[in-house]
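The values are calculated or read from the model by the stated rules, or taken from the named source; none is laboratory data. Remember, it's a predicted structure, so these values are computed and weren't measured experimentally. Reconstructed Cβ throughout: ideal geometry from the backbone, glycine too, with neighbour counts over all protein chains shown. Surface accessibility is based on the protein's heavy atoms, side chains included, excluding ligands, DNA and RNA. Shrake-Rupley method; radii C 1.70, N 1.55, O 1.52, S 1.80 Å.
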Amino acid sequence: MPAVPEGFAEAYRLQQARYPAAEPGPQPVHTVYVPADRFSARTVAEWGDQALSLVKAHLPSPGELAEVFGVPGALGAAVHERVVRKLSTEPVEDLRVDFEDGYGVRPGPVEDEHVERAVEAIASMHAAGTLPRRWGPRVKSFADGDPERSVRTLEGFVTGVAARAGELPAGFTVTFPKVLMEAYLGQFAAVLERLEAGLGTRLRFEMQVEAPQTLPFLRGDLNESLGGRLAAAHFGVFDYTAAIGLPPHEQRLDHPACDHARHVMQTALAGTGVELSDGSLAASPASDRTTDVHALWRRHAELVRHSLGHGFHQGWDMHPSHLVSRFATVYAFHLARYDSYRERVRAWEERRSAGDGVMDEPATIRTLAAALRRADAALP
């Protein structure tokens, strides 16, 4: 009987801890972030109402949807119906109350007041059953040189919501931006650990990848080193492209430099259970005219398709109009391939040909099955 190689048991234990290979849970297709001074208990409903109004005014029929988003005609009705239903029932899947770039620097008492107002709004939404499935704040970066402000906002937000709601509602996460030094991650994780003691619940956070300095310390054991508290990594297109010196007109999600950064994120964090999210489009319709609304939707749809094609199934939305193009593009992406993916999985399970000369590998079958699960979670 061959001897087990020395050290194998420990290496295998580390592998299972570092790369759990667990099936990914349902992931939001987007994150909406709203400046804290403009956030209220009505914000999510208002975004949904505005998006629905845009659909009624500029996308009244399945045929028009098919033309604007390049959806095959047969799918137009299914996508249109789902978009309207989604905007009517759950327009926002993931919400961030923004105390960073979208909010700016305010005097301490002013930010404290906005924290209190945000807490009241979150508690009200929780009581009414309108709080999105994921929610939380984006605090200021430690790279700004004022970690006390960041921690004060986080503590006030978390403890305030828990006190008013009687608990910290499910789905909480906090976004930690501009991580220029790896040490900041450990320091932020320690803040969360301290807060946990008073809440009786585990806290996790998302880091934003917004600078080239961040890429070198993305690696497989990063989440492990943070006690498993790293839930996701979100790409920040504008800070990143500015940091590497791209001209303003090239600050776009589909720039090759952004592809490189996303691929580094994928490579470093693959198998760790850390979710990945893409960035945003900083644009809204130039006017209320249909031509301008359609132009915005087409451009946003291009970027969403680019992200989906590169394996990023979540992105950031910054305007109610983005909800329409986000959901329409995501639903069309999944529906266009759903039946063929399902047939290939069935053919594999039944040990028969899937047709068209397809010879699927086990790894492809796992990917097909994962794609079907993701579609089932995303489609309303």
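Couple of notes before you dig in:
- Verdict on residue 314 being open to solvent by 30 Å² or more (accessible area, probe 1.4 Å), under 29 Å from residue 227 (Cα atoms) and of a type in the set (S, T, N, Q): no
- Pair list, Cβ < 7 Å and 6+ apart or interchain, from segment 143-171 residues that are basic (Lys, Arg) to residues that are modelled with pLDDT of 95 or more and not in a helix (DSSP H, G or I): 149/140
- Subset of segment 164-217 (residues that are charged (D, E, K, R), at pLDDT 95 or above and assigned to a loop (DSSP other than H, G, I, E, B)): 178, 204, 210
- Here is the figure for segment 270-306: residues that are over 18 Å from residue 33 (Cα atoms), out of contact with any Lys or Arg (no Cβ under 8 Å at 6 or more places or on another chain) and polar (S, T, N, Q) total 3.
- Within segment 254-278, residues that are in contact (Cβ under 8 Å) with a residue 24 or more places away in the chain and farther than 13 Å from residue 306 by Cβ have Cβ atoms under 7 Å from residues that are hydrophobic (A, V, I, L, M, F, W, C) and part of a helix (DSSP H, G or I) in these pairs: 261/215; 264/215; 276/265; 276/269, counting only partners at least 6 apart in sequence or on another chain.
- Enumeration of residues in segment 228-243 that are farther than 17 Å from residue 270 by Cβ and open to solvent by less than 40 Å² (accessible area, probe 1.4 Å): 229, 236, 237, 240, 241
- Checklist (1) open to solvent by 40 Å² or more (accessible area, probe 1.4 Å); (2) touching a helix residue (DSSP H, G or I) at 6+ places or on another chain (Cβ under 6 Å); (3) under 30 Å from residue 127 (Cα atoms) applied to residue 153, failing item: (1)
- Reported count of residues in segment 293-332, each being hydroxyl-bearing (Ser, Thr, Tyr) and touching a Ser or Thr at 6+ places or on another chain (Cβ under 8 Å), is 1.
- So residue 174, is it open to solvent by less than 30 Å² (accessible area, probe 1.4 Å), closer than 19 Å to residue 213 by Cα and among the β-branched types (Val, Ile, Thr): no
- Filtered by the rule that a residue be free of Cβ contacts under 8 Å to residues at least 12 places away in the same chain and either in contact with a helix residue (DSSP H, G or I) (Cβ under 9 Å, 6 or more places away or on another chain) or aromatic (Phe, Trp, Tyr) (or both), segment 229-246 gives 242, 246.
- Considering residues of segment 289-301 that are surrounded by fewer than 18 Cβ atoms within 10 Å (Cβ to Cβ) and in contact (Cβ under 8 Å) with a residue 40 or more places away in the chain only, the residue farthest from residue 252 (Cα to Cα): 290
- Restricting 247, 216, 169 to residues that are closer than 27 Å to residue 301 by Cα and out of contact with any Asp or Glu (no Cβ under 8 Å at 6 or more places or on another chain) narrows the list to 247.
- Residue list for segment 1-25, filter: surrounded by 15 or more Cβ atoms within 10 Å (Cβ to Cβ) and not hydroxyl-bearing (Ser, Thr, Tyr): 18
- The residue list 4, 55 contains one member that is modelled with pLDDT of 90 or more and aliphatic (A, V, I, L, M), which is 55.
- Any chance residue 143 is within 20 Å of residue 41 (Cβ to Cβ), among the small types (Gly, Ala, Ser) and either part of a helix (DSSP H, G or I) or open to solvent by 30 Å² or more (accessible area, probe 1.4 Å) (or both): no
- Residue in segment 251-258 that is surrounded by fewer than 18 Cβ atoms within 10 Å (Cβ to Cβ) and within 29 Å of residue 26 (Cβ to Cβ) present: yes
- Filtered residue count, segment 189-222, keeping only those that are in contact with a helix residue (DSSP H, G or I) (Cβ under 7 Å, 6 or more places away or on another chain) and not small (Gly, Ala, Ser): 15
- Residues satisfying the criterion are present in segment 204-224 (criterion: over 20 Å from the mean Cα position of the chain (by Cα), more than 21 Å from residue 180 (Cβ to Cβ) and open to solvent by 40 Å² or more (accessible area, probe 1.4 Å)).
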